[in-house]
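Here is the structure we will look at.
The values are calculated or read from the model by the stated rules, or taken from the named source; none is laboratory data. Here the structure is a predicted model, which means the values were calculated and not measured. For neighbour counting, all protein chains shown are included, and Cβ atoms are generated from backbone atoms with ideal geometry for every residue, glycine included.
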Amino acid sequence: MNSYSQIFFSDNKIFAIILLIVSFFDVYAGLSGLVAILVSNSLAFGLGYNRINTIKGSYGFNSLLVGLGTGLLYQPGFELFIIVFIISVLTFFITVTLEGVLGKYGLPFLSIPFLFGLWIIVLSGYDFGALGVSERGLYKANELYLIGGQNLVDLYNWWNDLNFANSIKVYFLSLGAIFFQYNVLSGILIAIGVLIYSRIAFTLSLLGFFTAYYFYQLIGADITTLSYNYIGFNFILTSIALGGFFVVPSRYSYLWIVLLLPIVVLMTLSLNRVFITFNLSIYSLPFNIIVLLFLYSLKLRISRNNRLSEVLVQQYSPEKNLYFHKNANERFLEQQYFPVSLPFWGEWTVMQGYNGEYTHKGDWKHAWDFVIEDENNTQFTGDGVKLTDYYCYNKKVLATSAGIITEIVDGIDDNKIGDVNINQNWGNSIVIKHSEYLYSQLSHLKPGSIKVSNGEYVKKGQVLAVCGNSGRSPYPHIHFQMQATPFIGSETLDYPVSQFILKTKSGFKLKSFDKPKTGDIVSNIQTNELLKNALHFIPGQILKFTCEKNNEEVDINWEVKTDVYNNSYIHCEKSNSFAYFYNDGTIHYFKNFVGNRNSYLFKFYIALYKVQTGYYKDLEMTDSFPVNQTFRGGLLFLQDFVAPFFFFLKSRYSIRYESLDNELSPSQAKLRSDIKKYIFSKEVGSMEFQILIDRKGIKSIVFSEGNKKGEERCKRKN
């Protein structure tokens with residue numbers, strides 16, 4: 001079935017059924033297409049090609065098109081199906097070859113195999129003495145009469161005689177022509193299928209077709225060629241492909257469709273002139289050329305452009321592509337940065353941040369100075385005249401991330417309090433290379449305390465030295481900066497710290513890929529063993545729960561797995577659902593859910609959507625949530641139409657850390673998370689989850705939704 005819907009870049013089963021029915025408007029064409037699919041998919045399975053791509057229909061849809069075209073070209077008979085079998089084998093091998101060639105450049109093979117396959121059949125067909133050219137379609141009424149009598153003939157004529165505007169009629173004919181069906185009814189059914197599959201694809205089909213249609217009129221070209229050759233599907237497929245499938249739908253992708261479709265028209269007109277000399281149709285050639293040219297051009301860009309983004313994780317739906325991309329950008333865009341942490345344990349205060357009061361000027365403005373202060377905002381005990389009076393003196397300095405030591409300076413004496421060494425500005429320092437053009441520098445270290453050597457590989461959090469007062473440093477502190485070159489004193493980079501805790505008067509806040517400011521009290525996330533163990537899902541691990549709803553209990557088992565792309569996920573076999581997750585050691589994220597949204601796995605996914613593994617009383621974190629996973633029905637249907645331009649639906653996730661039974665030796669932690677739904681910023685619904693964690697992991701989750709009575713409860717099976 002996927003081989004049918006793949007022609008429209010879809011995996012929607014309802015749409016596939018509609019296309020299957022349309023293909024059988026000519027029975028022998030439909031049979032030929034079905035045979036072609038069976039041949040190609042059998043070869044793919046039998047010869048051991050990518051099973052996932054086979055199931056998606058990637059190896060079958062080009063053969064389907066060739067089979068449909070061949071079935072219409074020739075009279076039915078044993079010889080016809082022999083030819084269909086042979087050309088399907090050839091089309092399959094053209095498909096896998098182009099997959100390998102174009103795949104190296106990250107490009108799709110589209111319907112190029114279909115073009116080669118059908119052109120070969122058309123050209124070689126002149127010598128097919130045993131096959132008669134089909135006259136089906138010339139006497140359509142007679143054929144329909146034999147199948148369904150006068151009623152079927154009348155129904156067919158009624159649809160085709162509907163008083164549509166010429167442009168609308170040609171639109172439907174162009175849609176039907178994609179499946180070699182040259183009638184309005186086929187186009188109407190396919191249009192309905194497109195609408196069911198995707199509202200964005202439907203609007204793009206209209207935008208692409210009518211942009212081309214009116215450009216024909218503007219330049220004075222013969223518009224009847226659209227209805228005669230039925231090549232208008234080039235405009236429809238180009239629009240869907242570049243407006244919402246390979247490119248994330250947006251106002252900019254729609255604008256590019258308006259700009260590209262006149263080019264497709266020119267390509268269509270010019271290629272027609274060439275191919276007519278060989279008595280060949282261009283079929284979908286303009287669509288293939290323009291889509292491949294545009295996609296390849298996008299890959300040659302040297303900088304990321306959020307206005308026109310390629311789809312990186314294909315969801316086989318323009319809406320899902322958009323919602324997934326938007327949500328991933330909101331949650332993970334900043335994770336393009338190499339993650340670096342703070343260079344210390346415990347809570348430190350930013351005494352000087354970017355564009356500092358004393359130093360951190362000009363090319364060196366992106367840096368931090370950290371000290372330790374007490375509750376009175378004082379850095380020292382006693383009179384503060386000795387180095388050892390300062391809380392941060394002799395405290396351990398850590399590697400901010402894994403890397404290789406590239407430069408060390410040691411042996412510079414600590415200054416007396418109030419003195420500075422301007423001749424050896426940076427004092428004792430270490431530079432670590434984390435990746436190409438990304439280094440960290442830690443300065444003002446205590447002489448003789450450096451525990452690493454040049455060329456040594458260090459891990460994140462490894463002790464490097466202790467805090468001192470060397471160089472241009474009037475009192476003990478740690479100087480930390482990121483830079484693009486490996487030298488001490490290099491120009492600084494404007495670069496964020498990946499994850500840290502900010503202490504405020506009202507509690508704690510998790511900051512992600514942010515830059516601490518002067519006066520901030522910050523710390524690395526101090527992981528809590530309860531939370532860390534509960535959210536440490538290992539491939540092969542089985543999660544067992546007993547879930548209760550309306551006094552009815554059901555046992556569920558989930559397995560933790562990884563796919564061929566090394567993505568981790570939890571799989572529920574009973575509901576055939578998948579919850580994809582990522583854990584960076586300090587924060588657990590659920591990235592995406594595929595499957596049954598009524599399943600308990602989906603509730604588990606929502607409840608633990610984002611959890612950091614350090615316990616901070618009353619800490620509250622928020623995150624964005626994809627609207628297509630919380631809204632359904634008419635509201636989401638309407639949102640789909642306007643999603644490339646604006647969102648009136650929103651969903652927000654939050655989680656609060658409520659209690660820990662014992663801070664020194666905890667055995668139980670309570671968390672509460674929720675999802676709130678909004679229409680035009682007005683809250684319209686919510687789901688709440690109470691999470692209990694013990695030393696064995698997640699002990700229980702209690703679900704409640706809005707004003708609905710009753711709760712659902714899942715308890716771990718011990």
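Checking each residue in segment 44-73 for being over 28 Å from the mean Cα position of the chain (by Cα) and either closer than 16 Å to residue 114 by Cβ or not assigned by TED's automatic domain parsing to the domain that holds residue 131 (or both) picks out 63, 64, 65, 66, 67, 68, 69, 70, 71, 72, 73.
Here the condition is being modelled with pLDDT under 95 and over 23 Å from the mean Cα position of the chain (by Cα); of 585, 634, it holds for 634 alone. Here residue 506 passes the criteria (1) among the small types (Gly, Ala, Ser); (2) surrounded by fewer than 15 Cβ atoms within 10 Å (Cβ to Cβ); (3) within 22 Å of residue 396 (Cα to Cα) except the one numbered (3). Which one of the conditions (1) more than 25 Å from residue 119 (Cα to Cα); (2) buried (at least 17 other Cβ atoms within 10 Å of the Cβ); (3) without any contact (Cβ under 8 Å) to a residue 40 or more places away in the chain does residue 239 fail to meet, given that it meets all the rest? For residue 239, the exception is condition (1). The combined condition, being free of Cβ contacts under 8 Å to residues at least 60 places away in the same chain and of a type in the set (Phe, Trp, Tyr), is fulfilled by residue 93. Of the set (1) in the same structural domain as residue 402 (by TED's automatic domain parsing); (2) not in a loop (DSSP other than H, G, I, E, B), all apply to residue 331 but (1).
Hey, any hits in segment 500-507 for a residue that's in the same structural domain as residue 418 (by TED's automatic domain parsing), under 25 Å from residue 429 (Cα atoms), of a type outside the set (Val, Ile, Thr) and at pLDDT 90 or above? Yes, there is a match, as at least one residue in segment 500-507 is in the same structural domain as residue 418 (by TED's automatic domain parsing), under 25 Å from residue 429 (Cα atoms), of a type outside the set (Val, Ile, Thr) and at pLDDT 90 or above. Based on what the data block shows, is residue 533 outside any strand (DSSP E or B), out of contact with any His (no Cβ under 7 Å at 6 or more places or on another chain) and modelled with pLDDT of 90 or more? In short, yes. For segment 450-478, the tally of residues that are touching a residue at least 60 places away in the same chain (Cβ under 8 Å), among the small types (Gly, Ala, Ser) and in a strand (DSSP E or B) stands at 1. Of the residues in segment 631-648, none is within 28 Å of residue 500 (Cβ to Cβ), crowded, with 17+ Cβ neighbours inside 10 Å, hydrophobic (A, V, I, L, M, F, W, C) and outside the structural domain of residue 202 (by TED's automatic domain parsing).
No other residue among 605, 615, 653 is in the same structural domain as residue 562 (by TED's automatic domain parsing), without any contact (Cβ under 8 Å) to a residue 60 or more places away in the chain, crowded, with 20+ Cβ neighbours inside 10 Å and closer than 15 Å to residue 510 by Cα apart from 653.
So that you can scan it fast, the table gives a plain yes or no per residue for (1) in contact with a Lys or Arg (Cβ under 9 Å, 6 or more places away or on another chain); (2) assigned to a strand (DSSP E or B); (3) closer than 23 Å to residue 315 by Cβ:
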{"site": "558", "(1), (2), (3)": "yes, yes, yes"}
{"site": "570", "(1), (2), (3)": "yes, yes, yes"}
{"site": "582", "(1), (2), (3)": "yes, yes, yes"}
{"site": "589", "(1), (2), (3)": "yes, yes, yes"}
{"site": "611", "(1), (2), (3)": "no, yes, no"}
{"site": "622", "(1), (2), (3)": "yes, yes, no"}
{"site": "637", "(1), (2), (3)": "yes, no, yes"}
{"site": "641", "(1), (2), (3)": "yes, no, yes"}
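Mind checking which residues of segment 246-268 are over 27 Å from residue 641 (Cα atoms) and crowded, with 16+ Cβ neighbours inside 10 Å? Correct list: 267, 268. Each residue in segment 14-43 was checked for being under 23 Å from residue 183 (Cα atoms) and either in contact (Cβ under 8 Å) with a residue 40 or more places away in the chain or out of contact with any helix residue (DSSP H, G or I) (no Cβ under 6 Å at 6 or more places or on another chain) (or both), and 17 of them qualify. If you filter segment 36-56 down to residues that are among the aliphatic types (A, V, I, L, M) and closer than 21 Å to residue 563 by Cα, you find that the one that is surrounded by the fewest Cβ atoms within 10 Å (Cβ to Cβ) is 52.
Per-residue answers, yes or no, for (1) within 16 Å of residue 344 (Cβ to Cβ); (2) touching a residue at least 24 places away in the same chain (Cβ under 8 Å); (3) assigned to a strand (DSSP E or B); (4) not hydroxyl-bearing (Ser, Thr, Tyr):
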| site | (1), (2), (3), (4) |
| --- | --- |
| 431 | no, yes, yes, yes |
| 440 | yes, yes, yes, no |
| 443 | yes, yes, yes, no |
| 448 | no, yes, no, yes |
| 480 | yes, yes, yes, yes |
| 490 | no, yes, no, no |
| 495 | no, yes, no, no |
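Only one entry of 72, 68 meets the criterion of being surrounded by fewer than 22 Cβ atoms within 10 Å (Cβ to Cβ), among the aliphatic types (A, V, I, L, M) and touching an Asp or Glu at 6+ places or on another chain (Cβ under 9 Å), and that entry is 72. Out of all the residues in segment 350-388, which are farther than 20 Å from residue 441 by Cβ and either polar (S, T, N, Q) or in a helix (DSSP H, G or I) (or both)? Within segment 350-388, 376, 377, 378, 379, 381, 387, 388 meet the criteria. Elements of the type strands (runs of 3 or more DSSP E) sitting completely within segment 650-710 and holding at least 2 residues that are within 27 Å of the chain's Cα centre (by Cα) and of a type in the set (Val, Ile, Thr): these cover 668-679. Restricted to segment 1-27, and to residues there that are more than 20 Å from residue 319 (Cα to Cα) and assigned to a loop (DSSP other than H, G, I, E, B), the residue that is modelled with the highest pLDDT is 1. Could you please find all residues in segment 490-511 being in contact with a Lys or Arg (Cβ under 9 Å, 6 or more places away or on another chain) and either within 18 Å of residue 354 (Cβ to Cβ) or basic (Lys, Arg) (or both)? The answer is 492, 494, 495, 496, 497, 500, 502, 503, 509.
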